[in-house]
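Take a look at the structure set out below.
The values are calculated or read from the model by the stated rules, or taken from the named source; none is laboratory data. Note that the structure is a prediction, hence the values are computed from the model and not measured. Methodologically, a virtual Cβ is constructed for each residue, glycine included, from the backbone with ideal geometry; neighbour enumeration extends over all protein chains shown. Accessible surface is based on the protein model in full, side chains and every heavy atom, while ligands, DNA and RNA are left aside. Shrake-Rupley method; radii C 1.70, N 1.55, O 1.52, S 1.80 Å.
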Amino acid sequence: MLMTVAEVASYLRVTERTVYRLLKKDGIPAVKVGRQWRFERDSIDAWLERSLVRSRMRILVIEDNEIIAALFRETLEEQGHSVMAAKSSSQGLKLVKGQDFDLVFLDLRMPGMDGAELFRQIKTVKPDLAVTITTGYPDSEMMVRALAQGPFGVMSKPFAESDIVDAVSNFLRFTPNGR
């Protein structure tokens with residue numbers, strides 16, 4: 001069954017403009033029939049599956065609150081990502097030094113070494129590692145110190161599962177080749 005641009009947009013839950021953008025990037029399988037683009041549902045499904053495999057990430061969550069860490073783990077694993085959690089800054093830094101991650105979620109307020117100092121050390125060890133800081137204190141002195149270390153994402157507490165999924169989706173959207 002062939003679908004139109006409007007039907008594919010509805011099927012993918014995106015705008016028609018996004019479908020045209022995907023066509024420009026040669027990302028979405030389509031054929032041109034006359035002057036109109038047409039899409040085969042099976043090809044779209046296969047393309048989506050390949051895209052999901054490519055977008056599975058290795059994510060580290062550094063969070064001392066077990067409930068929040070569990071929320072991250074359950075939400076991200078449900079999305080197909082590999083998730084590790086660290087309960088302390090020192091454990092998180094050890095994991096960053098010893099393994100490769102695509103993205104780190106880092107609590108700003110941690111016992112012992114605070115998140116701003118941990119962020120500085122992460123950037124020293126792996127300067128290109130993407131970090132999103134989670135905080136209930138966006139206007140704090142710790143946030144100012146973190147900002148001095150370079151760019152990062154921010155998630156203000158409290159947040160929901162959808163905010164976690166959105167943060168990862170935004171990372172994937174703005175990262176070359178899905179990473």
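Which of the lysines could be linked to residue 87 by a straight reach, that is with a Cα gap under 27 Å, when you skip same-chain ones fewer than 8 residues away?
97, 123, 126, 157
Mind grabbing the accessible area of residue 48 for me, 1.4 Å probe, Å², rounded to tens?
Surface accessible to solvent at residue 48 totals approximately 60 Å².
Using just the alpha carbons, could you tell me how many Å³ per residue the convex hull of segment 10-94 encloses?
Details: hull volume 10.7 nm³, N = 85.
Normalising the Cα hull of segment 10-94 by residue number yields 125 Å³.
Going from the alpha-carbon gyration tensor of the chain, what semi-axes, largest first and in whole Å, does one get by taking the root of 5 times each eigenvalue?
38, 15, 15
Checking the cross-link filter: which lysines have an alpha carbon closer than 17 Å to that of residue 32, excluding same-chain neighbours under 8 positions apart?
The qualifying lysines are 24.
What dipole magnitude, in Debye to the nearest 20, does segment 50-147 give about its Cα centre under +1 on Lys/Arg Cβ and -1 on Asp/Glu Cβ?
Charge dipole, segment 50-147, about its Cα centre: 460 debye, nearest 20.
Be a star and scan segment 123-138 for residues whose amide nitrogen sits under 12 Å from the point 7 Å along the Cα-to-Cβ vector of residue 154.
From segment 123-138, the list is 133-138.
What is the angle, in °, between the Cα long axis of helix 115-125 and the longest principal axis of the Cα atoms in the chain? Nearest 10 is fine, range 0 to 90.
The angle comes out at about 70 degrees.
From Cα pairs below 8 angstrom and at least 6 apart in sequence, can you work out the relative contact order of the chain, rounded to a whole percent?
16 percent
In segment 75-174, which trypsin sites (Lys or Arg not before Pro) fall in coil by DSSP and have 11 or fewer other Cβ atoms within 10 Å?
When the trypsin sites (Lys or Arg not before Pro) of segment 75-174 are filtered for loop state and at most 11 Cβ neighbours within 10 Å, nothing remains.
About its Cα centre, what dipole magnitude does the chain give when the only charges are +1 on Lys and Arg Cβ and -1 on Asp and Glu Cβ, stated in debye to the nearest 20?
Taking the Cα centre of the chain as origin, the dipole is about 840 debye.
Keeping the other protein chains in place, figure out the carbon and sulfur percent of the accessible area of segment 24-84, with a 1.4 Å probe.
48 percent
Among 124, 103, 86, whose Cα sits farthest toward the positive end of the charge dipole of segment 35-179 (+1 at Cβ of Lys/Arg, -1 at Cβ of Asp/Glu, about the Cα centre)?
Ranked along the dipole, the leading option is 124.
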